[in-house]
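Student: Pasting in a structure now, in structure tokens, and then I'll have a few things to ask.
The values are calculated or read from the model by the stated rules, or taken from the named source; none is laboratory data. It should be emphasised that the depicted structure is a prediction, and the values quoted were computed from it without experimental measurement. Every residue, glycine as well, gets a Cβ built from its backbone with ideal geometry; the counts of neighbours run over all protein chains shown. To get the accessible areas, we keep the full protein, side chains included, count just its heavy atoms, and leave off ligands, DNA and RNA. Shrake-Rupley method; radii C 1.70, N 1.55, O 1.52, S 1.80 Å.
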Amino acid sequence: AYRVYLEGKDIGLIESREKLEAYINKQQENLKQKYNVDTIHIPNNINIVKDVTYDEKISSIETIYNKINNISPFTIEGYEVTIDKTNSSSYENDENVSDDEEKIIKLYVLNKDIFTEAVENVITSFVSSDDYKAFIDGTQLQIETVGELIEDIYIDDEITIKESYITVSEDIYTDVSELTKYLIFGEHANDDTYIVKTGDTIDEIASENEMSVNELLIANNDISSETSLLYVGQKLNIGTLDPIFTTIVEKHMVTDQVVKYTTKYKYDYSKQVGYKKTQQTGSNGVTRVTQKVKLINGEISNAYIASSEEIVPMIEAIVIKGGRQSARGDGKWVWPTKIPYIISSPYGWRWGKLHEAVDICGTGSGSPIYAARDGFVYRMGWM
């Protein structure tokens, strides 16, 4: 006969393992319909071993089934996906990731295609579908003047997929869109959606829901840019982004950066205070900047300026003023760093928190910081 152990405990003898499996499969029609599978299997904590015994009563298949059904969930064939973030660069670079955050995540899918398609959906939330396809196919257009090229796209976590008998008490993903949502939002996957109203703009919707525009675009990959048209009644995902795996995109970018003209003041003491005359009209310049940028889950984590070239020189404005007068208080701001530069993170909402600064990089370690306007140095250091 065959002795059945449930969680290590002997629950009886049966004549045939095959008959028990067939009975389970017959009784669990609801599970077969729910997951659209042909077979329901015994639980993972069941062990059935061949045994020889004398005068011991053989239990009915129904009796053993009822004992199992009351204690342990059945299983279906699928795939167990393990995402190991232990060595992920997101833990080194992302200020929003805490040390106690889960670093090894398991999820379950019916087939590998569901996971593969969901992963591609996540990637095309961070880069456009056309750019991703061109990168995969090797058909990206070379940069003639300005533009960008994707140099690499990869997942920075270790992902393993193996066939397994999955307990039906687990969350088993059978739908690509649901899995995509989980991979992008994590535990926030069930957060609210926003219904577009008349007059709404992408910028306003993002701000009202404590998101950056970039995050809103990532969360809704059917919206291509900040200027995309919305329609009344459209549903938008507005959950806090919490990607389950780390997507790295490395780009080569060439941009034209405007160099705003400065103003130099000269004083004519033969003229009364209040006199003002433009001696030389200023005009903005243009510098062509080549950047190497690394993005982690859509946010710049590392960037440097590979080269820069002056395309149009900046012409300084010269203004004559009457009388001795301080150069203070002309109402203008100046850029506080060397030019060219990279804004790695703008002011605004990011990952559910208000980022109360503009992050500027790419000017070189130890490069000067200039006063943007009259004032005094309040603090210097890391913050």
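Student: Output yes when any residue across the stretch 27-49 is more than 29 Å from N111 (Cβ to Cβ), modelled with pLDDT of 90 or more and either open to solvent by less than 80 Å² (accessible area, probe 1.4 Å) or not small (G, A, S) (or both), and no when none is.
Tutor: Yes, because at least one residue in the stretch 27-49 is more than 29 Å from N111 (Cβ to Cβ), modelled with pLDDT of 90 or more and either open to solvent by less than 80 Å² (accessible area, probe 1.4 Å) or not small (G, A, S) (or both).
Student: Test of understanding: among Y132, Y165, which residue is closer than 30 Å to I46 by Cα and either modelled with pLDDT of 90 or more or buried (at least 16 other Cβ atoms within 10 Å of the Cβ) (or both)?
Tutor: Result: Y165 is the single residue among Y132, Y165 that is closer than 30 Å to I46 by Cα and either modelled with pLDDT of 90 or more or buried (at least 16 other Cβ atoms within 10 Å of the Cβ) (or both).
Student: E250: open to solvent by less than 70 Å² (accessible area, probe 1.4 Å), closer than 28 Å to T86 by Cα, of a type outside the set (G, A, S) and at pLDDT 85 or above, yes or no?
Tutor: So E250 fits the description; yes.
Student: I've got another one for you. Scan D55, D10, D38 and give me the residue that is part of a strand (DSSP E or B) and without any contact (Cβ under 8 Å) to a residue 40 or more places away in the chain.
Tutor: Being part of a strand (DSSP E or B) and without any contact (Cβ under 8 Å) to a residue 40 or more places away in the chain holds for just one of D55, D10, D38, which is D10.
Quick grid of which residues meet (1) more than 22 Å from I76 (Cβ to Cβ); (2) not β-branched (V, I, T):
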{"residue": "I114", "(1), (2)": "no, no"}
{"residue": "E117", "(1), (2)": "no, yes"}
{"residue": "I172", "(1), (2)": "no, no"}
{"residue": "V196", "(1), (2)": "yes, no"}
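Student: When only residues in the stretch 259-294 that are among the charged types (D, E, K, R) and either closer than 12 Å to K321 by Cα or not in a strand (DSSP E or B) (or both) count, which is least open to solvent (accessible area, probe 1.4 Å)?
Tutor: Across the stretch 259-294, the extreme among qualifying residues is D268.
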